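Reviewing the structure listed below.
Nothing in this text is a laboratory measurement; each read-out follows from the coordinates by a stated rule. The model shown is predicted, which means the values in this text are computed figures rather than measured ones. Quick reminder, even Gly has a Cβ in these numbers, built from the backbone with ideal geometry, and neighbours come from all protein chains shown.
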Amino acid sequence: MRFFSGQHTIGILGGGQLGKMLLNITRQWDIRTKVMDPSDQSPCKISCNQFVQADLMDYDAVIKFGEDLDILTIEIENVNTDALVVLENQGVKVYPQAAVLKIIQNKCRQKEFYIKNKIPTASYQLFESKELLKDAVARGFVSFPFVWKSESMGYDGYGVKIVRSNQDLENINEGKCMAEDLVSIDKELGIIVCRSYKGETQIYPCVEMEFHPEANQVEYVLSPARISKSIAEKAKKVALSASKAFKHVGLLAVELFLTKEGEILVNEVAPRPHNSGHYSIEASYTSQFEQHIRAIMNLPLGRTENKVAGVMVNLVGKEGYTGPVHYKNIEHILAIEGVKPHIYGKKETRPFRKMGHITIINKNLDVARKIAEEVKETIEVISK
Ligand code: ADP
């Protein structure tokens, strides 16, 4: 392996916090890295060997970035996949593969993929435009309430809206979209599967996500999820079937709905490290970041069980504060046992911006969850 203390290089498209946490592993293993991101303030900048500032959708920039790489991975899905196809043909190992990214980048194509591969998902109808959707509503082919999802560029709920009335319908964006059945959700669950080039898979325990009611961002991630064994098994089966269908290399984070009727449905997947797996840095035998690096380098995969229970709290910018960030009371939460903050290194805060996360580890999940609440109430992400 000429990557360890060698000249071979792993490239990462995207220089955000997910990339930064991947770089913790490449630093630990002394592996050369190159990162591309549009922002010269990106969190990855301090820990990669080489940084390129460019637009991730820019075909020429991605080709140029990838040409001298041995392995190329991503930490965000919105990258130029046509360029990735070219790089694959030139012999660069692109993981996740361009074909996987092409499906996942587009919510409608992703849905069609689930149907084709008999992966359980909420029912939906596709529309070429907002006008056609409105027309279908007027004719009674689609009825309120439903979930509108824009074909592309969705992130953290921005391309998703629950539509309950004609007024809501007016407020959605133009463009190709789908109308999805509003699922009666009991819990939102997540499972991360890692798959190597040879098809070896390792699956992480099912986690449970609690959402912030207004911002529609994950507030707590609990590992393991508080669900029965049979539900956990069902969720695992569905996640593995998605992994098998995509034939991805690296991580696949599968977001699931547990319905009030006890059904498991796939919401969406991400072929990269995921917010729902951050707990694994402290709580698992192998973190999701180490596992991803192992998989894309064709190394043996590590164990995925928890050593202890983990609860993750997202550190998001407090409403009403924009500007240079200040983590108020961080010293108080560090006095509590098992509290592990991660600060992403973004200099400016704004309302609900993901600035970091905190993992709370404890032998007892309920204790960890209680501490997580205390942590959340104590620390404040504000501007000075
Ligand atoms: P994004 O890609 O922007 O993160 P998601 O598709 O994950 O968007 O949806 C964001 C959130 O919206 C989900 O976590 C869930 O809470 C809610 N949601 C999405 N689809 C449905 C649905 N069909 N029924 C009910 N709630 C949904």
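Below, the figures for the structure above:
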{"quantity": "For segment 1-65: relative contact order, % (alpha-carbon pairs under 8 angstrom, 6 or more apart)", "calculated": "31 percent"}
{"quantity": "Cβ-based net charge around Y344, under 9 Å, with every Lys or Arg adding one and every Asp or Glu removing one", "calculated": "+3"}
{"quantity": "Along each principal axis, Cα extent of segment 228-292, largest first, Å", "calculated": "36, 26, 16"}
{"quantity": "Relative contact order of segment 189-301, pairs being alpha-carbon contacts under 8 Å that are 6 or more residues apart, as %", "calculated": "29 percent"}
{"quantity": "Relative contact order of segment 48-205, defined on C-alpha pairs under 8 angstrom at six or more residues apart (%)", "calculated": "17 percent"}
{"quantity": "Convex hull volume per residue in cubic angstrom - Cα atoms of segment 149-250", "calculated": "137 Å³"}
{"quantity": "Ascending count of other beta-carbon atoms within 10 Å, so fewest first, for F211, F289", "calculated": "F211, F289"}
{"quantity": "Cα-based equivalent ellipsoid, segment 45-86: semi-axes from gyration tensor eigenvalues, Å", "calculated": "17, 12, 10"}
{"quantity": "Fewest-first sequence of R272, R139 by Cβ atoms within 10 Å of each Cβ", "calculated": "R139, R272"}
{"quantity": "Above-threshold pairs, the threshold being 20 Å between Cα atoms, out of K102/K247; K187/K234; K149/K244; K340/K370", "calculated": "K149/K244"}
{"quantity": "Rounded, prolate or oblate (a/c below 1.5 giving rounded, otherwise prolate when a/b exceeds b/c) for segment 277-320 by Cα gyration tensor", "calculated": "oblate"}
{"quantity": "Reference-scaled alpha-carbon Rg (2.2 N^0.38 Å with N residues) for segment 329-373", "calculated": "1.29"}
{"quantity": "Per-residue [θ]222 nm for the chain (sum of -39500 (n - 2.57) over DSSP H runs n ≥ 4, rounded to 500)", "calculated": "-8000 deg cm²/dmol"}
{"quantity": "Descending principal axes extents, segment 11-121, alpha-carbon based, whole Å", "calculated": "43, 27, 25"}
{"quantity": "Value of Rg to Rh for segment 268-379 (Rh from inverse mean 1/r over Cα pairs, i.e. Kirkwood)", "calculated": "1.01"}
{"quantity": "Proximal charge balance of E112 [Cβ under 15 Å; K/R count +1, D/E count -1]", "calculated": "+4"}
{"quantity": "Cleavage-rule hits (GluC sites (Glu not before Pro)) in segment 275-384: DSSP loop, at most 16 neighbouring Cβ within 10 angstrom", "calculated": "E305, E319, E337"}
{"quantity": "Burial ordering of S47, S42, S228, fewest other beta-carbon atoms within 10 Å first", "calculated": "S228, S47, S42"}
{"quantity": "Whole-Å distance, taken between Cα centres, linking segment 183-209 and segment 299-375", "calculated": "21 Å"}
{"quantity": "Residue of S184, S152, S287 that the Gaussian network model of the chain assigns the largest fluctuation, springs spanning Cα pairs under 10 Å", "calculated": "S184"}
{"quantity": "Relative pair counts by distance (%), Cα atoms of the chain, 20 Å bins", "calculated": "27, 60, 13, 0"}
